[in-house]
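The values are calculated or read from the model by the stated rules, or taken from the named source; none is laboratory data. The model shown is predicted, which means the values in this text are computed figures rather than measured ones. Positions of Cβ are generated from backbone atoms using ideal geometry, with glycine treated the same way; all protein chains shown enter the neighbour counts.
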């Protein structure tokens, strides 16, 4: 039998708490008191902490190796490599915050408001820079294969400005979270790192949801679908087997990103629609969405360690580049490097389709 508690909405801090000191969802508009069952179903804290610790170690090692390999190959570094280098940097920066998130899952947010703002900012920047960089890669591959142009690939200094622009845009899209996040403590419960929106909670939450999701997720996703759709059509129509193999790493990176972050953003969109009143709100639906947000956020965090595995298992050039560095520093024999074989250069009409990966 469900335990019923009466919840009280406090519009000054954007939360409402039940008399049993449990955080619940947003109440229906205009209702100050609403009965809701207390949600006792929680993610296993120990399991989440172990996952975060594992992801932190794998991401720290994997993304550091990716950056090492790309930076080592200065001469043969392609435009796509520069984008993937920035993607590894974003994942590495986010991974450094995972120990903090792990502790907060176990003990609540004990680090205060300043650190709450910083780690929340890094999480948002990681997500937005990731999808924006993947969108730029899709445009670069589209121009190189469909239009056979060298515009971007020959003017590499433009790519540096594009990457700087992506980081700047990611910071701008993440600023609302940075400005509104704070350590919030309930009556008798552990503090949490959450948005403190003051008055007009619903209005500001909609602005913070709709604008970043539109410009930082939906539009880049549409760009990727358009560019890769036409790129794949061109590859298959021209029977470009080698080029198709050269694109496998890029397609795998995009697919893994979507598998990890798309569920979280779809649930976030459902939550936004419910808060707007498009989807009818109920206590049960509120609990389901809260559980889904917690679970899909863990999946999104897991993404930061996966790209290096893609490069290692699919990217022949990345493996050879890593083994070459190890051979130079005496970690493996040169005979073993020779057995691995040097990967062939896969060119294209753009002259720069090949990547380190």
Would you mind stating whether residue 96 is buried (at least 16 other Cβ atoms within 10 Å of the Cβ) and under 30 Å from residue 184 (Cβ atoms)?
no
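Here is a yes/no grid of residues against (1) modelled with pLDDT of 85 or more; (2) surrounded by 17 or more Cβ atoms within 10 Å (Cβ to Cβ); (3) assigned to a helix (DSSP H, G or I):
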position	(1), (2), (3)
260	yes, yes, yes
285	yes, no, yes
293	yes, no, yes
317	no, yes, yes
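Looking at the range 92-134 only, could you name the residues that are touching a strand residue (DSSP E or B) at 6+ places or on another chain (Cβ under 7 Å) and not in a helix (DSSP H, G or I)?
Let us first name the residues in the range 92-134 that are touching a strand residue (DSSP E or B) at 6+ places or on another chain (Cβ under 7 Å), namely 104, 108-109, 112-113, 116-117, 120.
Answer for the range 92-134, where residues must be touching a strand residue (DSSP E or B) at 6+ places or on another chain (Cβ under 7 Å) and not in a helix (DSSP H, G or I): 108, 109.
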